[in-house]
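Data block below; observations after.
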Amino acid sequence: MAERHFEEHALRPISLAALSSRRKVQLLSSSLAHPLDRVNVLGDDDNGHTGCVNALSWARDGELLLSGGDDRTVRLWRLDSTDTSRDYPFVCDAVIHTGHRENIFNAQMLPYSSRIATAAGDKQIRISDVGALPALPKFGGETVYGTRETKVRVLRCHQGRVKRIITEESPDIFLTVGEDGAVRQHDLRVPHDCRAGSCPAPLVQLSHELSTIALSPLTPYQIVVAGESPFGYLFDRRHVGRFIREEWGVPPNPDDVTTCVRRFGRATRGPSERRGHEHITGAKMAQSNGHEVLLSYSSDAVYLYSTRDEAQSPSPSRQSSVIPPTRKSAPGSPKRDVAAREQTSPNPRQLDWDTQMEDDIEHFLSEEGLFASPPRSPRVAREAREDNSEEDEDEEDEDEEAQEAARGDVSCSSVPIVYPRSRFAGAANVETVKDVNFLGPHDEFVVSGSDDGNWFMWKKSTGQLYDILEGDGSIVNVIEGHPHLPLVAVSGIDTTVKLFAPARQDTRSFSRMNSAESIMARNAEASARRIDFTRLLLQYQMVRANPDGQTCTFQ
C-alpha cells in the first residue's frame, strides 16, 4: 500500500507539469489566432543596424533575439522587464563585431552555450563566444564586443557563400549549407586546419548552388536542402547498421555518407519561370510533427509537402502529377479571384518590353566588363528563348532529370518524387532570397515575406489567406515566431526589426487585409515578369556612384 502511494505521489508532479505545459501551448495557439499588429520597432538612427537585417533567431528559449545583416554585426536584444511603459520593450544589450568581410546571412546561438555562429558572403563561418567575458564599457547602453574579446574562431570549409546554419541539441555540433552545393557538419571539439585542406568530408555534395536547409527536432536524422534546382531534396543520415536506401525503396549506394531518398517537386512552374532556371529560396520542416515540409519557390508560391506521402516514379505523366484540389473559397474571396488571374498568361507587350530591356542591359553590362565570358548577342539570346518556349511540355520532367544527371546529381535524379499537398499564393518572391516558416505551437500557420514590404499569413489546414501585415518599407525576408510568447519578429531591407503581437484595440494600424485582393493582384502581375531590368540598372548605377557606402545587397 505504501509503495502504491509513493508511486502516485511521484507521478503527480510530472502530470501537473505536463498539464501546465499543455495549457501554455493552448494559450499560445489561441493568442496567435487573434489579429496581430505591430507592437515595437527595434533600432533607430542612433541605436541599431546600419544595413539590411538578413538574420533573425530566438535564443536561450526566447530570452534573446539575435539579429544580423549587411553591417556584419550581430545584435542581442533582450526584454527589459523594468520598462512598463510599452508592450514588449526589447533593448539592445550587446553588439558583436564578427569580423566578417561580407554580409551576414544567418546567425544562431548554439544550444547550452554562449557561442554564436554566423554565416556570411565571405564563405566563412565565424563562432563568437560572448560568455564569461568581463564587463566592458557600454556605449549608448550597448556593450560592444570585438573579435578579440569574443575569441572568434573561423571556419573556411565552404568554397562558396554560406547561406544558412542549423543547430542541433549540442553546444558543439551544427550544420551549414553553402552555394558550393555542400552541406557540412561542424564539430567544434575536433580542431582542423581549413587552409591545409583537412576539412571533414561534406554530408551532402551537389553540383548546383544550395541556399537553404531545414531540419525538425523530431526527425533530426532527416534534412531537406534546396537551391538552384526545381526540386528540394530529402536526405537521411542514419547509416550505422542500416540499409537506408532499401528502406526508402531506392537503389543502394553504400559509398554515400548520407542518402538522397526523396525529391519534392511540382507539376507545373510559375508563370515567369523558365525551365532550367527554377530556384527555391526557403525551406522549413515542421517542429510539431517532423514530416511536413515547406518550400518557397522564386517567382511562384509556397508549397506544403509531407515525407509520409506516397512518392511517384521519377518520370510521372503530367496528367497524374497534379496538386490535390484545394478547398473551395468563400464566394467573392480574394483568393479565388486572384487564383484565376494567376493562371492567365503574362501580357505579351510586357514580355516584349522585358526582352528589349534584357538585351539593352546585357549590352550595357558587357561594355562595363561585368561578364566573365562574352555574352550572347541579343539576337541569339532572343532565339534561344523562343526555342525554349517551343519545346514540348510533356518532356519537361525528363529534361529536368537529364539535367540533374548531367550535373552529377545521379543519386538524386533516380529517387521518387513527392508532390505537394497544398499551395499558398499571394506573396511576391522574385527579388530576394526569402525564408519561409511555420507559426504556432502546432504549426497552424504558414508565413512568408513578400517583395511589396508585407508578410503573409495562411491557415495551414485550409490554405486560406489569414492576414497580410506591413513589415518593411521595401521587402520582408525573414519571419521568426517566439517559442513561447505570441510574438513575431520580422525583418528585411530596412535596418530595423519589427515585432508583431495580438492587437489590443479593434483598429489595427499595419494590417493590409482590407486591400488583400488588390495586393495579391499586383503581386501576381509582378511575379509574371522575370525581372525588372530597369530597377536592376538603377541599382547598379547607384552602386557605381557610391562604391564605399552601405548598400543593401540581394542575397
Checklist (1) aliphatic (A, V, I, L, M); (2) under 21 Å from D87 (Cα atoms); (3) open to solvent by less than 10 Å² (accessible area, probe 1.4 Å) applied to L485, failing item: (3)
Does any residue in segment 488-504 that is touching a residue at least 12 places away in the same chain (Cβ under 8 Å) and under 19 Å from D443 (Cβ atoms) come within less than 7 Å, Cβ to Cβ, of a residue that is of a type in the set (S, T, N, Q) and surrounded by fewer than 24 Cβ atoms within 10 Å (Cβ to Cβ) six or more places away or on a different chain, and which pairs are these? P502/S31
T219 versus (1) under 30 Å from I417 (Cα atoms); (2) of a type in the set (S, T, N, Q); (3) modelled with pLDDT under 95; (4) open to solvent by 30 Å² or more (accessible area, probe 1.4 Å): which is the lone unmet condition? (4)
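Here is a check on your reading of the model: is P171 touching a residue at least 60 places away in the same chain (Cβ under 8 Å) and assigned to a loop (DSSP other than H, G, I, E, B)? Please lay out each step first, then the result.
Values: touching a residue at least 60 places away in the same chain (Cβ under 8 Å): yes; assigned to a loop (DSSP other than H, G, I, E, B): yes.
Yes; evaluated as a whole, the condition is true for this residue.
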Among the residues of segment 1-51 satisfying the criterion of being open to solvent by 90 Å² or more (accessible area, probe 1.4 Å) and part of a loop (DSSP other than H, G, I, E, B), which is modelled with the highest pLDDT? H34
Leading residue by the ranking (most open to solvent (accessible area, probe 1.4 Å)) among those in segment 125-147 that are part of a loop (DSSP other than H, G, I, E, B), modelled with pLDDT of 85 or more and out of contact with any Phe, Trp or Tyr (no Cβ under 9 Å at 6 or more places or on another chain): T147
Of the residues that sit in segment 148-180 and are open to solvent by less than 20 Å² (accessible area, probe 1.4 Å) and touching a helix residue (DSSP H, G or I) at 6+ places or on another chain (Cβ under 9 Å), which one is farthest from S113 (Cα to Cα)? C157
So which residues in segment 63-82 are closer than 25 Å to V433 by Cα and either assigned to a loop (DSSP other than H, G, I, E, B) or of a type in the set (A, V, I, L, M) (or both), if there are any at all? L64, L65, L66, D70, D71, R72, V74, L76
So for segment 74-97 (the condition being open to solvent by 50 Å² or more (accessible area, probe 1.4 Å), of a type outside the set (S, T, Y) and out of contact with any strand residue (DSSP E or B) (no Cβ under 9 Å at 6 or more places or on another chain)), does at least one residue qualify? no
Suppose the filter is farther than 22 Å from E470 by Cβ and hydrophobic (A, V, I, L, M, F, W, C); does L79 pass it? yes
Scanning segment 292-308 for residues that are of a type in the set (S, T, Y) and outside any loop (DSSP other than H, G, I, E, B) gives S296, Y297, Y303, Y305, S306
H192 passes all but one of the listed conditions (1) without any contact (Cβ under 8 Å) to a residue 60 or more places away in the chain; (2) closer than 26 Å to A286 by Cα; the exception is number (2)
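What tally of residues in segment 422-442 results from selecting those that are in a loop (DSSP other than H, G, I, E, B) and in contact with a Ser or Thr (Cβ under 6 Å, 6 or more places away or on another chain)? Break it down into steps so the answer makes sense when it comes.
The first filter runs over segment 422-442 and keeps only residues in a loop (DSSP other than H, G, I, E, B), leaving 425-435, 440-442.
The next check asks that each one be in contact with a Ser or Thr (Cβ under 6 Å, 6 or more places away or on another chain); those that pass are 427-430, 433-434, 440-442.
Of the residues in segment 422-442, 9 are in a loop (DSSP other than H, G, I, E, B) and in contact with a Ser or Thr (Cβ under 6 Å, 6 or more places away or on another chain).
Please work out if R266 is modelled with pLDDT under 85 and part of a loop (DSSP other than H, G, I, E, B).
When the stated conditions are applied, R266 does not pass them.
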Only one of A214, A182 that is modelled with pLDDT of 95 or more, under 15 Å from the mean Cα position of the chain (by Cα) and among the aliphatic types (A, V, I, L, M): A214
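The values are calculated or read from the model by the stated rules, or taken from the named source; none is laboratory data. Since we're looking at a predicted model, the values are computed, not measured. All Cβ positions, glycine included, derive from the backbone under ideal geometry; neighbour counts span all protein chains shown. Areas reflect the complete protein model, heavy atoms only, side chains present, ligands, DNA and RNA absent. Shrake-Rupley method; radii C 1.70, N 1.55, O 1.52, S 1.80 Å.
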